[in-house]
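Reading through the structure tokens given below for one structure.
The values are calculated or read from the model by the stated rules, or taken from the named source; none is laboratory data. Computed from a prediction, not measured in an experiment: that's the story for all the values here. Please note: Cβ atoms are built from the backbone with ideal geometry, for glycine as well, and neighbour counts cover all protein chains shown.
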Amino acid sequence: MKFLLACIAQFLLVFPIFSQITVRGTLVDSNEANPIEYGSVGLYAQADSSLVSGTVSEPDGSFELAGIKPGTYYLAIQFMGYERVSIGDMVLVRGQVLDLETIQLSPNEQLLDMVEVSGSQFTTMHRIDRQVFEASEFLSGQGGTAIDLMRNLPSVSINAEGELSVRGATGFVVMLNGKPIQSDPAVILGQLPANAIKNIEVVTAPSAKYDPEGKAGIINITTEKGATDGTFTQLNTRMGAPSIQDYDNKQKPQRYGADFTLNHRNGDWDLSLGASYLRNDVNGQRIGDVYTVKGDTTTRFPSAGERGFDEEAYSGRFTVAYTPDGNNEFSLGFYGGIRSKDRTADIVYFDNHASINGERLYTMQYYNENLRIRRSDFALGSFDYSHAFDIGSRISSSFLYEYTMLGGPTTNRNLGFPNTDLIYQDEYNTNGNPLHGLRWQVDYQSKPTPWGIVETGYQFRNLNHQGDFVYERKNNETGAFELVPEFSSNVELTRVIHSGYGQLTGQKNNWDYAVGLRMEYMDRELLLQDKSNTVDSLYTYDFFLPYPTASVQYKLGEQTSIKGAYSRRVERTTTFKMNPFPEREHSETLEQGDPSLLPEFIDLVETGLVKDFGENSVYATAYYRHVKNLVNRVNTVYNDTILNRIYSNVGNGRSIGIELGLELNPGSNWKVFAGGNLYRYRISGSFDERPINNAAWVYSINANTSFDFSPTFTAQWSINYLSDRITAQGEDSRFLSPNLVLRKTFMNDRLQASLQWLNMDMGLLRTNEQRISTWRENEFYTTTNYVLEVDMVLLNLSYTLNPSRDKSRFIKSEFGEKEF
């Protein structure tokens, strides 16, 4: 009897699985047999044409519909630029698995004729939670790095320091092919070749499925995934012409590089291999003026001199994927690199003097020889596995480990002038910062239900970052360097994060929606020790918080949609910003952090409209962002000629703005893409018991226009502009960068040559120049104008074998970038 009951119970459990009806297939291009990703597949009831189930095809063209009831249906398949395919009279019975195998979609001949004439394609694609930009449309970034591409996006801006921001916020997470990281983009983005990038996705209000880190959201960089058998190879070289402008720098800049990408797919195996080298120096000048007030004494020290960068980066990438069947996939990846960025700031302080009531107490001049070397060596590996169940659900797991060695010395020598043999002060500080990061996550996606797809997951992250900071000063009498204990320290940051999420994503009639909740527990410990062993402090901080998210999109018609979203996020503090022991940046500046620095918590609400009309498109997104525990860099007076630069929570930040984008094709060979961002930014709070209440309008413009002189010859002019911006203690001036690119293709597009004229100026525009000013009434005022190289000319050559088979995919850093 027990045996019979067990059999009945097992039958009742198993029967629903075997009674499911599944329809599957693969969409391919009928001409080239390439897979079609994001093809729309809808299953309709034959009787009343009501939509029963729907999905979009995967990167390999496959699709699957599960959980279907018995009945008679027809299948409708469509994708932009292809003829619609309909498969009717499908009689489905319980337990059936209908494999339609390969379904060929034929290109729309009318559209092909139009494309042949116009040569245009959309730069931007809009989805419910993101905007997708075609990397190949931004010619000024080709031959460079990911940063050179990203600076062209409507919501992204860049300043003279090369710092990227999204809608005015510098904190954002970078992903590669959907893999999240929690580090500063600068380290890896500066080494990832632009030629290896297919798309850049901007997700300003991410769902609960993604890690909540990143004040400005997520930028996902994608490369195409493996599909058809064959081998793809691309070789790229970059050569820079000598500088046109002379900045009186000691060394002439060098600009050259090369990279390659190899992708081979054969049966169940997909192999990607890539390597790159880039030398990208930039000359420039620094012109500053500073005064400090202590009591009745005012000290002033204007300066001018060299400020250039020598940057060199090597990197290598390797990924192998194995797909033994349609339900399982394994992927193993490695990524490593070596990067150095040397900043030279050799400055003459030509009128250093102190005065009381206008009467000078002394006057002197000196020469500051300053070199900061910043290095980042990293190696990381990942292993991923995913399994698709026959009932339509999927489970995936990802493991990533990263090791990064950050550090580098800074030499600071105050010498006589013009007699530089006279040494006033000779100092040296260095640090070694090994970082170990670990991330493991598992995600589950349910089969489609009447309400949509349910996704759940768990993520564990562990970060251990140690710092050994050594500061030494030369004894002019003995000639020996001696340790300065108050500036030297050992630092260790440990951060453990557990998080889990649940999310529902669905589609009803013309509505797309997603709602989710992520719960996160974070435990942070910061151990500080100075070299004299007189200070040994442990700072702890933990929290358990929810991160709700919601997004909705409604299609008003075939070419118009409106959408809205809410997302709560967090921007975690880095080890560098929490280290309270001062580091000598250069002659007039010490830099230090705050060990009790709190994370920034961000609430974002946005609503937008997308309108397509023929080959043209326009969109507008209004948004409100509130930042709690806003972190800003602020100054205090250390002594009469040195300012102390501190990272501190200064209160709250609020941004109310609108982002606009426009894509036009005025003629068959003329294209215009323009984006802008306008917002009102306010900082309210306090620092050092003094109130802060600053507000201003800020705007940025990124635009380009392309003209095809022939099917193989294109010219593109672009401009990046960022207006003045306020800070907690001052303002940063506007920043301008126009660029012109001429591109010619040969050998059926296998060989491309691009001639780039970057940072166009001709002595007229004040290009690639930015002034940073801070002040505090009756204490100090500092203003520094950074004038970097303009009118740079570069030649890029790219040769591709089997261009239609570019399917490479690589892994991305998770931890080390944020500390670079």
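Just to be sure before I move on: is Thr540 in a strand (DSSP E or B), within 26 Å of Glu606 (Cα to Cα) and either of a type in the set (S, T, N, Q) or outside the structural domain of Glu600 (by TED's automatic domain parsing) (or both) in the structure I sent? Spelling it out, it is not the case that Thr540 is in a strand (DSSP E or B), within 26 Å of Glu606 (Cα to Cα) and either of a type in the set (S, T, N, Q) or outside the structural domain of Glu600 (by TED's automatic domain parsing) (or both). Condition check: under 26 Å from Leu463 (Cβ atoms), of a type in the set (S, T, N, Q) and either modelled with pLDDT of 90 or more or buried (at least 17 other Cβ atoms within 10 Å of the Cβ) (or both). Does Ser393 satisfy that? Considered against the rule, which asks whether it is under 26 Å from Leu463 (Cβ atoms), of a type in the set (S, T, N, Q) and either modelled with pLDDT of 90 or more or buried (at least 17 other Cβ atoms within 10 Å of the Cβ) (or both), Ser393 comes out as no.
Please give the strands (runs of 3 or more DSSP E) falling wholly within the stretch 710-784 in which 3 or more residues are within 30 Å of Gly667 (Cβ to Cβ) and either in contact (Cβ under 8 Å) with a residue 12 or more places away in the chain or within 24 Å of the chain's Cα centre (by Cα) (or both). Show your work before the answer.
Details: elements: 713-722, 730-732, 735-746, 751-758, 769-776.
Of the strands (runs of 3 or more DSSP E) lying wholly inside the stretch 710-784, those with at least 3 residues that are within 30 Å of Gly667 (Cβ to Cβ) and either in contact (Cβ under 8 Å) with a residue 12 or more places away in the chain or within 24 Å of the chain's Cα centre (by Cα) (or both) span 713-722, 735-746, 751-758.
Of the strands (runs of 3 or more DSSP E) contained entirely in the stretch 545-619, those carrying at least 1 residues that are small (Gly, Ala, Ser) fall at 560-571, 600-613.
Every residue, every condition in (1) assigned to a strand (DSSP E or B); (2) assigned by TED's automatic domain parsing to the domain that holds Asn778; (3) touching a Ser or Thr at 6+ places or on another chain (Cβ under 9 Å); (4) not acidic (Asp, Glu), yes or no:
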position	(1), (2), (3), (4)
Thr233	yes, yes, yes, yes
Ile244	no, yes, no, yes
Lys250	no, yes, yes, yes
Ala258	yes, yes, yes, yes
Asn263	yes, yes, yes, yes
Asp270	yes, yes, yes, no
Gln285	yes, yes, no, yes
Gly288	yes, yes, yes, yes
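Taken over the stretch 496-523, the criterion of being at pLDDT 95 or above, charged (D, E, K, R) and crowded, with 16+ Cβ neighbours inside 10 Å is satisfied by Arg518, Glu520. If you go through the stretch 631-643 one residue at a time, do you hit one that is closer than 30 Å to Val552 by Cα, assigned by TED's automatic domain parsing to the domain that holds Ser561 and buried (at least 17 other Cβ atoms within 10 Å of the Cβ)? Checking the stretch 631-643: not a single residue is closer than 30 Å to Val552 by Cα, assigned by TED's automatic domain parsing to the domain that holds Ser561 and buried (at least 17 other Cβ atoms within 10 Å of the Cβ).
Please tell me if Asp296 is of a type outside the set (Lys, Arg), in contact with a Pro (Cβ under 8 Å, 6 or more places away or on another chain) and assigned by TED's automatic domain parsing to the domain that holds Arg776. For Asp296, the condition - of a type outside the set (Lys, Arg), in contact with a Pro (Cβ under 8 Å, 6 or more places away or on another chain) and assigned by TED's automatic domain parsing to the domain that holds Arg776 - is not met. Scoring Ala565 on the criteria (1) under 30 Å from Glu689 (Cα atoms); (2) modelled with pLDDT of 90 or more leaves a single failure, condition (1). Candidates are the residues of the stretch 658-692 that are more than 20 Å from Asn720 (Cα to Cα) and touching an Asp or Glu at 6+ places or on another chain (Cβ under 7 Å); the one that is surrounded by the fewest Cβ atoms within 10 Å (Cβ to Cβ) is Asn669. Among residues of the stretch 201-217 that are assigned by TED's automatic domain parsing to the domain that holds Pro154 and at pLDDT below 75, those with a Cβ under 8 angstrom from a residue that is β-branched (Val, Ile, Thr) and outside any strand (DSSP E or B), sequence gap 6+ or separate chain, pair up as Lys215/Thr170; Ala216/Thr170; Ala216/Thr204; Gly217/Thr204. Taking the stretch 653-703 on its own, how many of its residues are touching a helix residue (DSSP H, G or I) at 6+ places or on another chain (Cβ under 7 Å) and among the charged types (D, E, K, R)? Looking only at that region, the number is 0.
Residues in the stretch 252-295 that are of a type outside the set (A, V, I, L, M), closer than 29 Å to Glu769 by Cβ and in contact (Cβ under 8 Å) with a residue 60 or more places away in the chain: 12 in all.
Whenever a residue of the stretch 388-405 is assigned by TED's automatic domain parsing to the domain that holds Gly67, it has no partner that is among the polar types (S, T, N, Q) and in a strand (DSSP E or B) lying with C-beta atoms less than 8 angstrom away and at least six residues away or across chains. The single condition among (1) surrounded by fewer than 20 Cβ atoms within 10 Å (Cβ to Cβ); (2) within 20 Å of Leu795 (Cα to Cα) that Thr261 does not meet is (1).
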